[in-house]
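The values are calculated or read from the model by the stated rules, or taken from the named source; none is laboratory data. Note that this is a predicted model, so its numbers are computed, not measured. Note that we place each Cβ from the backbone using ideal geometry, even for glycine, and neighbour counts take in every protein chain shown.
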Amino acid sequence: MRFQPNNNKTKNNFYMGSNISFSVVFSPVFGQTWEATVVKTIDALVGSCVVLPCTFNHPGSQLPSSRLRGIWHRKDDKNEMFYHEDETKIQDSFKDRTKLLGHLGQKNCTLEILQVKDHDNGPFCFRIELVEKDDNKPNSDKFSFVEQCAEIRMLHDAPKPKLRPLKTIVQGKPSTVTCSIRHTCASHWPEITWSRGSKDEINEVHRDINGGIWETESILVFIPEEKDDHTDLTCTAKFHGGKSSISTFTLNVKRTDNYNHIIIPIVAIAVTALIFGLLCVLMVKKYK
């Protein structure tokens, strides 16, 4: 992705990975650089939400958020804005659906899009403006990053969660099963639920994979019983916006060795023999 300044500067572009764009613009005035790292492509579930990771740097000393204005606009028309602090300047189809999650003063330009529509594919380009202290008007330092802007690939169906059961589940022994789902909306985690009751132990972990992709993992620990053999265990992932998907597998419970069918008859025979022996002894003593 490339910064497009309003004044002439020397430019140098390079990329980091297949999903992240990184650009640098050298400023001869300050001898430093304007630079940004923006996700290049990302998947989004229609009807849910998506978060576009974005960070930037600027020449000179660090500025507060009040001196910086972040704008997201269409690549070929900077006046078609997806996000602006002045909501009246935002395109009608994006009003009340976008916001900056990061603080510009902390050099974070991450954008959240809610209620993703199937036409929200972009390209989405970030623009930074320095504003004057008194009148809040932008000065001559304005930069748009219009090459390799963020593009969204639409998913109309919710992806299925991934179940990882143990190969062997033994009756009466604690067993662990994990269910994970990857998503691109770090501001609203998917909710993972299980078909088993609440008496089981459930833990949840969230991982930052890379390039705006996150993974939510639910870990179920339970003690299988004999009655659980050949029953289904279902994991459901519900995404922000209401869409959901499920994955199911059948439990194969290995029974613990049970020798009752041998022990009980032997004990019964032994007890019977003992009683019969005692009766014989008593009979002999009686008739002596």
Only one of 207, 196 is outside the structural domain of residue 63 (by TED's automatic domain parsing) and either of a type in the set (Val, Ile, Thr) or within 19 Å of the chain's Cα centre (by Cα) (or both). Can you tell me which? 207
Might you check whether a residue that is surrounded by fewer than 17 Cβ atoms within 10 Å (Cβ to Cβ), in contact with a Phe, Trp or Tyr (Cβ under 6 Å, 6 or more places away or on another chain) and farther than 14 Å from residue 111 by Cβ occurs anywhere in the range 60-68? yes
State yes or no: is residue 234 more than 30 Å from residue 39 (Cα to Cα) and modelled with pLDDT under 95? no
Checking residue 213 against (1) aliphatic (A, V, I, L, M); (2) modelled with pLDDT under 90; (3) surrounded by 17 or more Cβ atoms within 10 Å (Cβ to Cβ), only one condition comes out false. Which one? (2)
Every pair of residues 6+ apart whose Cβ atoms lie under 6 Å, when the first sits in the range 83-111 and is surrounded by fewer than 14 Cβ atoms within 10 Å (Cβ to Cβ) while the second is assigned to a loop (DSSP other than H, G, I, E, B): 105/64
Just wondering, is there one or more residues in the range 150-157 that are outside any loop (DSSP other than H, G, I, E, B), at pLDDT below 90 and of a type in the set (Asp, Glu)? no
Of everything in the range 72-82 that's outside any loop (DSSP other than H, G, I, E, B) and touching a residue at least 60 places away in the same chain (Cβ under 8 Å), which residue is nearest to residue 149 (Cα to Cα)? 73
Inspect all residues belonging to the range 86-100 and state whether any of them is closer than 21 Å to residue 239 by Cβ, assigned to a loop (DSSP other than H, G, I, E, B) and not assigned by TED's automatic domain parsing to the domain that holds residue 235. yes
Suppose we keep only residues that are surrounded by fewer than 18 Cβ atoms within 10 Å (Cβ to Cβ) and under 18 Å from residue 36 (Cβ atoms) within the range 69-82. Which one would you say is modelled with the highest pLDDT? 74
